Amino acid sequence: MHIVGYLAALGFGLAAIGSGIGVGVIVGKTIESVARQPELQGRLTSLMFLGIALTEALCFIAIAIGFIPFPSPS
């Protein structure tokens, strides 16, 4: 049985789900913060995009690790 291929697909799915949850939390909290203090919208928006970029970078790193050829145990 070739289990490494199944684990890579599972890793891709978990990375995508985790990234989606993280981005949703970041955007939701930013909207909540802008609703409380509208005068900080510009600063909060730039911080939100920075947080989204870092969250997506973690997802891309997790997906890239799935492409590393690990030796199968004998």
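The values are calculated or read from the model by the stated rules, or taken from the named source; none is laboratory data. What you see is a predicted model; the values in this text were computed from it and never measured. For neighbour counting, all protein chains shown are included, and Cβ atoms are generated from backbone atoms with ideal geometry for every residue, glycine included. For the accessible areas, the whole protein counts, side chains as well, though only heavy atoms, and no ligand, DNA or RNA atoms are used. Shrake-Rupley method; radii C 1.70, N 1.55, O 1.52, S 1.80 Å.
Points worth noting:
- Fully extending the segment from Ile68 to Val27, taken as 0.36 nm per residue of separation minus the present Cα-Cα distance, adds 11.6 nm.
- Accessible-area composition of the chain, carbon plus sulfur, in percent [1.4 Å probe]: 74 percent
- The ellipsoid that matches the Cα gyration tensor of the chain has semi-axes, each √(5λ) in whole angstrom, of 37, 11, 5, with the longest given first.
- Counting only protein heavy atoms and a 1.4 Å probe, the chain has 77 square angstrom of accessible area per residue.
- Degrees, to the nearest 10: 3-36 long Cα axis against longest axis of the chain: 0 degrees
- Between helix 41-66 and the chain: long-axis angle, C-alpha atoms, 0 to 90°, nearest 10: 0 degrees
- Note on Tyr6 and Phe60: their simple-model spin labels are 3.2 nm apart, each label 7 Å out from Cα toward Cβ.
- Estimated [θ] at 222 nm from DSSP helical runs (n ≥ 4, -39500 (n - 2.57)) normalised by residues in the chain, nearest 500: -29500 deg cm²/dmol
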